[in-house]
Amino acid sequence: MSDPADLAAPAGAPLLALRNIAKRFGVVQALSGVTLELRAGEVLALVGENGAGKSTLMRILEGAHQPDEGEVLIDGRRHAFRSPSHAHAAGVRVIHQEPDIAPDLSVAENMFIGDLRPAAGIFLDRRDLLRRTHALLKRFRLEHVISPWAPAGTLGAAHRQILEIMRALRSGVRILSLDEPTSSLTEEESQRLFAIVRQMRAEGVGIIYISHRMHEVRALADSIAVLRDGHLVAQRPAGELDDAAVLQLMVGRPITNLFQGARRAPGEVLLDVRGLCNTRLRDVSFTLRAGEVVGLGGLVGAGRTEVARAVFGADRLSAGEVRMAGRRLVLRSPADAIAAGIGLAPEDRKGQALLLLASVQDNIVLSVPQLISRLGLLRGGAARDIAQQQVRRLRIRTPGIAQIVSKLSGGNQQKVVLGRWLARQPRVLILDEPTRGIDVGAKAEIYRLIGDLVAQGMGVLVISSEMPELLGLCDRILVMAAGRIVADLDRASANEQRILDLAMQEQP
Amino acid sequence: MSSEADEIGLPALPGRSGAVSRLMQAAGTHNLSLLLALAVLVAIFGGMRPDVFFLARNIENIGQGIAILGVLATAQTIVIISGGLDISVGAVVGLSTVCIALGVEWTNSPTLAILFGIAVGAAAGLANSLIITVGGVNAVIATLGTMAAFRGVAFIVSDGQSISIFNPVFRMIGAGRLLGLQITIEVLLLVVAAFYVLMRYTIVGRNIYAIGGNPVVARLAGLNVRGYQVGVYILSGAAAGLAGMLLAARTGSGQPISGSDGLELQAITAAVLGGCALTGGKGTIVGGLLGVLILGVLNNGMILTSVPTFYQMVARGALLIAAVLVAEQQARRYG
Ligand SMILES: Nc1ncnc2c1ncn2[C@@H]1O[C@H](COP(=O)(O)OP(=O)(O)OP(=O)(O)O)[C@@H](O)[C@H]1O
Ligand SMILES: [Mg+2]
């Protein structure tokens with residue numbers, strides 16, 4: 001693996017150096033000539049637009065992809081990892097955007113997979129496993145939140161992410177890369193993670209941190225590297241670049257006001273939700289008007305996603321009713337809600353939103369069978385036109401509409417989910433974490449799009465853990481805690497502190 | 001781009017480009033490698049028995065031999081694409097032959113008897129689907145159970161006896177020709193054509209791919225996942241009923257034991273050979289048909305070259321494992 005000539009580590013060599021990395025997928029040149037250095041005890045923020053090549057670079061680092069050109073040097077020695085397990089053995093870990101867990105194994109087993117110790121020769125030593133799991137959970141102050149024996153599949157997106165991070169932590173890493181680790185974490189959980197990152201930096205771990213959120217980059221990074229279209233356009237100490245400069249380097253043009261567009265007076269009541277109850281919800285009531293953006297704020301686990309699912313007919317109700325434009329809905333399944341003019345873009349795009357094996361086109365036209373067929377027979381041209389229209393409108397970066405959706409970058413996958421609903425044009429659209437993993441430029445586009453949609457009379461319900469997004473986007477914000485709506489704030493009276501206070505107040 | 005779509009089995013929507021590239025798309029890389037495998041088998045057996053293998057009579061024999069399996073395997077392909085599995089098809093074939101024989105006895109109308117056999121098959125499929133969707137029983141276990149049950153029903157209604165069919169129409173179907181081609185082969189071609197159109201050119205077909213790809217996603221996109229599952233198992237049962245008709249016509253009798261010689265295993269093998277992933281969402285009808293052809297040539301060739309029966313069984317089992325192994329390797333590569 002390593003070249004004999006390089007065996008003696010040159011003094012002062014950086015912990016990690018990537019030299020001239022290039023990678024091509026078919027017609028897509030994902031990376032070209034990328035050169036990057038990381039020192040021990042340094043946090044390097046890697047930023048760039050959706051599809052810029054960040055995740056690809058990390059996959060090359062950990063040996064999941066082989067570069068077409070270039071080399072990876074650790075302590076000045078060349079390494080060519082053939083697989084992630086080789087990289088792990090060398091102390092290199094990449095934590096991915098979409099964590100992979102074994103849903104039926106327990107949290108503890110997931111955490112220590114590959115390092116399960118036997119008792120009495122053959123049996124799993126549950127006590128030892130519990131002890132080690134507990135110690136790790138405690139480091140995150142999660143020992144009362146996550147049960148070690150809970151099946152990992154029952155965890156929400158946030159806890160899965162944390163599980164994945166802990167999995168890497170338990171096997172001493174020297175180079176750790178976090179690919180958008182906070183995209184599904186709340187502010188509080190993110191802070192906990194930042195503390196861990198800082199602690200590891202102090203212990204001399206080199207960290208590559210990928211994020212679309214500038215304030216996180218500011219909070220953590222010692223230096224910033226910017227990728228644009230597969231080229232590294234800058235690597236500089238964080239102090240030398242201000243936010244505007246970073247954004248400009250990323251997109252190659254200045255970004256103006258994120259939230260814009262004139263507000264209009266809301267129209268008739270579209271969605272009228274009264275007294276929803278089920279195992280996770282307690283007496284949830286609210287209304288959503290045409291031309292209105294209503295936000296659902298609160299902590300992860302407060303029941304925001306459950307509200308969305310209940311209104312969409314995905315979960316059973318034990319009490320309560322949903323009215324659409326005055327008509328009471330019978331919601332036996334999402335199909336009923338869709339027929340009534342409701343759309344839902346779920347937060348878990350891999351598990352709930354996308355057919356990963358299917359093409360961009362098939363994913364976009366999934367909910368509009370009536371538009372792409374006549375008498376049940378497909379009209380290929382219609383499907384193609386609809387898909388192309390959404391790809392253009394959302395600026396989805398894909399070599400074509402026939403591309404398999406799992407090969408798109410994370411942010412572009414999210415846009416495909418939005419495209420499905422834009423094609424359907426519901427009267428009420430529920431967006432659960434709509435900009436998760438989406439870059440600033442695309443975020444601005446999506447905010448503008450939401451503005452356009454409500455201007456045309458749609459009602460939009462947005463669930464978001466990002467405060468600036470809620471505050472900037474929404475006409476009203478409903479704050480949830482422990483399965484109820486604890487406050488209904490209008491634009492004027494909402495602010496970050498108030499929402500946080502309300503969200504925490506009813507927590508046990 | 002388009003070849004990438006084929007790689008994973010979900011055919012790209014039609015109407016994209018010229019006829020030639022559309023043909024290439026229809027074939028797909030997986031199907032091209034199946035054609036290659038088929039050519040290799042033909043070369044081997046043709047080389048070993050050039051005197052008989054290429055005779056028109058033998059080629060017709062192969063066609064006869066795969067007609068029943070072909071109907072079952074292409075239906076099984078649809079079941080597997082939808083994310084399910086139907087192990088009970090062999091038993092349903094046996095049940096259907098018995099019901100058709102009884103139907104002829106009772107009504108003396110071949111049409112009614114055939115419709116009766118297909119309806120019994122569809123009812124068996126409905127039973128499977130309800131156990132799986134409403135009962136929430138795993139498809140493998142559910143159809144393993146009904147396989148035994150359906151076989152039992154076939155023995156009960158026939159009193160364990162073979163029932164002869166004395167009717168010229170069945171003799172015609174079993175051995176006769178229409179426009180120079182054997183009727184059994186024509187039935188197979190019709191079924192395959194119908195399934196091909198269903199899976200490739202209809203909304204229903206696209207949605208079957210979707211529910212097999214990820215039922216949660218499909219449900220949240222507004223598809224009636226259970227409805228499709230029920231439909232798919234009914235289709236599989238009805239296809240097995242039709243296959244029973246072909247078998248009854250060929251043997252001139254209804255036998256409760258018929259179809260118990262590993263038909264379900266061969267149907268599943270052909271579907272997997274054809275590129276189906278057992279996790280669902282992936283596969284093609286053309287692939288399934290090519291899988292059947294490979295099995296048919298293999299069966300025929302082994303008989304011509306006098307491979308003992310027991311060794312033939314080993315070879316067929318090994319083929320299923322090999323097909324899954326290859327599929328796994330590919331899945332890993334294209335992850
Ligand atoms: N396995 C693959 N096959 C084909 N193309 C790929 C594959 N993986 C990545 N790509 C393409 O390479 C480019 C870079 O993707 P990458 O995932 O690295 O982007 P990213 O910077 O991580 O974006 P995001 O912020 O959206 O996560 C994209 O255009 C993507 O479509
Ligand atoms: Mg990425």
Requested in this report: Could you please find all residues in segment B:193-204 being more than 8 Å from chain A (Cβ to nearest Cβ) and either buried (at least 21 other Cβ atoms within 10 Å of the Cβ) or of a type in the set (Phe, Trp, Tyr) (or both)?
Outcome: B:Phe195, B:Tyr196, B:Met199
Query raised in the report: Considering only residues of segment A:90-108 that are at pLDDT below 85 and away from ligand 2 (no atom under 16 Å from the Cβ), which is surrounded by the fewest Cβ atoms within 10 Å (Cβ to Cβ)?
Result: A:Asp104
Requested in this report: Run down A:Ile438, A:Ile430 and say which single residue is within 16 Å of ligand 2 (Cβ to nearest atom) and either surrounded by 23 or more Cβ atoms within 10 Å (Cβ to Cβ) or in the same structural domain as A:Arg323 (by TED's automatic domain parsing) (or both).
Outcome: A:Ile438
Report summary line: Among strands (runs of 3 or more DSSP E) completely within segment A:276-337, the ones holding 1 or more residues that are crowded, with 20+ Cβ neighbours inside 10 Å and in contact with a Lys or Arg (Cβ under 7 Å, 6 or more places away or on another chain) are A:284-289, A:293-298
Report summary line: All-but-one check, A:Ile207 against (1) in a helix (DSSP H, G or I); (2) surrounded by 20 or more Cβ atoms within 10 Å (Cβ to Cβ), failing number (1)
Report task. Would you please list the contacts, defined by Cβ atoms under 9 Å and residues six or more apart or on different chains, that run from a residue in segment B:272-287 that is within 14 Å of another protein chain (Cβ to nearest Cβ) to a residue that is in a loop (DSSP other than H, G, I, E, B) and of a type in the set (D, E, K, R)? Result -> B:Gly275/B:Lys282; B:Cys276/B:Lys282
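Being touching a residue at least 40 places away in the same chain (Cβ under 8 Å) and at positive phi narrows it down to one residue among A:Glu188, A:Glu164, A:Glu180; which is it? So that I can check it myself, show each step before the final result.
Details: A:Glu188 fails: at positive phi; A:Glu164 fails: at positive phi.
Just one listed residue meets the conditions, A:Glu180.
Determine, yes or no, whether A:Arg78 is in the same structural domain as A:Ala221 (by TED's automatic domain parsing) and away from ligand 1 (no atom under 13 Å from the Cβ).
Working: in the same structural domain as A:Ala221 (by TED's automatic domain parsing): yes; away from ligand 1 (no atom under 13 Å from the Cβ): yes.
Answer is yes for this residue.
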Query raised in the report: Is at least one residue of segment A:57-78 away from ligand 2 (no atom under 16 Å from the Cβ), surrounded by fewer than 20 Cβ atoms within 10 Å (Cβ to Cβ) and within 14 Å of chain B (Cβ to nearest Cβ)?
Result: yes
Report task. Spot the failing condition for B:Val232; the list is (1) among the aliphatic types (A, V, I, L, M); (2) more than 14 Å from chain A (Cβ to nearest Cβ); (3) closer than 23 Å to B:Gln76 by Cβ; (4) surrounded by fewer than 17 Cβ atoms within 10 Å (Cβ to Cβ), and only one is missed. Result -> (4)
Query raised in the report: For segment B:43-96, which residues satisfy the criterion of being at pLDDT 95 or above and among the polar types (S, T, N, Q)?
Result: B:Thr74, B:Gln76, B:Thr77, B:Ser82, B:Ser88, B:Ser96
**Report entry** Some residue of segment B:92-107 being free of Cβ contacts under 8 Å to residues at least 12 places away in the same chain, aromatic (Phe, Trp, Tyr) and under 30 Å from B:Leu41 (Cβ atoms)
**Finding:** no
Query - Among residues of segment B:162-184, those that are part of a helix (DSSP H, G or I) and surrounded by fewer than 19 Cβ atoms within 10 Å (Cβ to Cβ), counted - result: 6
**Report entry** Lone qualifier among A:Asp242, A:Asp179, A:Asp229 - being at pLDDT 85 or above and either touching a helix residue (DSSP H, G or I) at 6+ places or on another chain (Cβ under 7 Å) or of a type in the set (S, T, N, Q) (or both)
**Finding:** A:Asp179
Query raised in the report: Which of the following residues is among the small types (Gly, Ala, Ser), more than 16 Å from ligand 1 (Cβ to nearest atom), part of a strand (DSSP E or B) and touching a residue at least 24 places away in the same chain (Cβ under 8 Å): A:Ala30, A:Ala17, A:Ala40?
Result: A:Ala17
Query raised in the report: If you go through segment A:63-70 one residue at a time, do you hit one that is touching a helix residue (DSSP H, G or I) at 6+ places or on another chain (Cβ under 9 Å) and away from ligand 1 (no atom under 16 Å from the Cβ)?
Result: no
Query raised in the report: Consider A:Leu276 against the criteria (1) in contact (Cβ under 8 Å) with a residue 60 or more places away in the chain; (2) more than 14 Å from chain B (Cβ to nearest Cβ): it satisfies all of them except one. Which criterion is unmet?
Result: (1)
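The values are calculated or read from the model by the stated rules, or taken from the named source; none is laboratory data. Fair warning: this is a prediction, and the values are worked out from it, not measured in the lab. A quick note on method: Cβ atoms are made from the backbone with ideal geometry, for glycine too, and the neighbour counts reach across all protein chains shown.
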